[in-house]
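The values are calculated or read from the model by the stated rules, or taken from the named source; none is laboratory data. Keep in mind it's a predicted model, so treat the numbers as computed, not measured. So basically every Cβ, Gly included, is an ideal-geometry build from the backbone, and we count neighbours across all protein chains shown. We work out accessible area using only protein heavy atoms, side chains counted, and drop any ligands, DNA or RNA first. Shrake-Rupley method; radii C 1.70, N 1.55, O 1.52, S 1.80 Å.
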Amino acid sequence: MYSIDQGGQPIAVTSIGVQGSTVNFTIKPLDLTYTGTLNPDGATIAGNATQNGQTHPLNFDHVTAENTWAIPEPPKPMAPDAKPKFDVVTVKPSDPNKQAKLFSFRGSHAITIGTNVNDLITFAYGLHAKQIVDGPAWFSTDKFDIDGVPDVPGRPSQAQLKMLMQDVLTQRFGLKFHHDQRELPVYVLTVAKGGPKLTESASEPDGPRGFLYRGLGDLRVTNSTMAQFCDGMQGSAMDRPVVDHTGLTGRYDFPLKWTPDDSQFIQFGPRPPQKESDDPNAPPSLYTALQEQLGLKLEATKASAEVLVIDHVEKPSAN
């Protein structure tokens with residue numbers, strides 16, 4: 001048999017075809033297409049995979065049932081009512097030669113890579129960096145790698161991973177703060193004229209939710225409220241906080257495709273200036289895409305928004 005896996009987990013192949021010695025398949029959720037040639041002895045397939053417009057070699061070897069590797073059982077979720085803290089945690093300066101930024105959970109470890117304190121606070125408390133007041137300059141410049149084992153077994157939910165980041169900010173950075181309201185430049189999300197064009201999710205309310213980019217401006221949202229969508233947008237794409245004024249209370253699944261402008265995704269580092277595309281099939285701007293694809297409207301304005309005022313913080317000591 002031929003095994004296709006990603007990170008130890010099976011991939012759902014959307015379509016597959018074999019014609020003579022040519023093998024091709026498509027995995028739509030990953031925006032991936034593959035074309036290869038089957039060796040006459042049936043032992044290998046040599047070909048290329050194209051994903052997000054980039055093509056790379058991808059070859060397969062034929063294996064028997066006896067020497068295939070076992071797909072590991074997915075980790076069990078942490079108890080829904082658990083409020084985890086770190087049992088042990090290390091905080092180290094990031095490698096300055098690596099530009100990656102990551103929040104993840106691997107095995108029994110919650111980790112971050114290349115995260116500054118602005119990143120940690122915005123993730124832990126669902127804020128935009130512009131909602132952090134009176135933080136020192138090193139909040140945005142000094143980067144840290146965090147590796148810790150929670151005091152509760154199982155894979156944490158997104159909310160529980162946020163609790164762990166709150167814990168490390170208190171434990172290792174000595175963070176103390178208070179909340180306030182300030183008038184800030186924000187984006188306000190409302191329902192456009194004509195009403196929303198959204199599909200309610202069939203997933204359980206407490207089930208997994210997704211906010212996944214397959215490329216800049218190519219987003220798939222699953223099992224999420226409008227408030228969670230706004231949190232995801234302000235944390236990934238937007239240059240100011242995003243406030244939900246839609247009044248929608250459901251959970252939704254939807255794709256969203258747009259062509260980013262120079263103000264978007266700046267938290268991931270400098271990007272080359274964006275040139276106007278002459279492709280007639282290029283996605284529209286975010287503002288147009290929201291109206292046409294989702295029936296939503298995004299406007300830049302000023303509004304009262306929650307801020308987190310820093311009272312005390314310190315750089316973590318060496319482990």
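A few remarks follow.
- Mean-position separation - Cα centroids, region 181-224 and region 118-146, in angstrom: 23 Å
- Protection proxy ranking, highest mean first, for peptides 34-45, 243-254: 243-254, 34-45, where packing is the per-residue count of other beta-carbon atoms within 10 Å, averaged.
- Residue among Arg220, Arg106, Arg209 with the largest mean-square fluctuation in a Gaussian network model of the chain, springs linking Cα atoms under 10 Å: Arg106
- For Val133, the residues whose modelled amide H falls within less than 5 Å of its own, excluding neighbours fewer than 5 places apart on the same chain, are Leu308, Val309, Ile310.
- Alpha-carbon Rg with Dmax, taken over region 27-174, Å: 21.0, 68
- Listed by chain and number, the lysines whose C-alpha is less than 20 Å from the C-alpha of Lys197, apart from same-chain residues fewer than 8 away, are Lys257, Lys297.
- The calculated FRET efficiency for Lys162 paired with Thr50, based on their beta-carbon distance and R0 = 45 Å, is about 0.80.
- Cross-link reach list, lysines versus Lys85, counting only Cα pairs under 25 Å and skipping chain neighbours closer than eight places: Lys76, Lys101, Lys143, Lys162, Lys176, Lys315
- Heavy-atom surface analysis with a 1.4 Å probe gives the chain a carbon and sulfur content of 52 percent of its accessible area.
- Considering region 177-319, its Cα convex hull presents a mean projected area of 12.2 nm².
- Residue with peak Gaussian network fluctuation, the chain [Cα springs, cutoff 10 Å], from Glu292, Glu204, Glu306: Glu204
- For the chain, relative contact order (Cα pairs under 8 Å, six or more residues apart, normalised by length) works out to 17 percent.
- For region 151-234, the gyration tensor built on C-alpha atoms gives an oblate shape. Its axis ratio a/c (a ≥ b ≥ c) is at least 1.5, and a/b is not larger than b/c.
- Rounded to the nearest 5, the antiparallel percentage of DSSP beta bridges internal to the chain is 90%.
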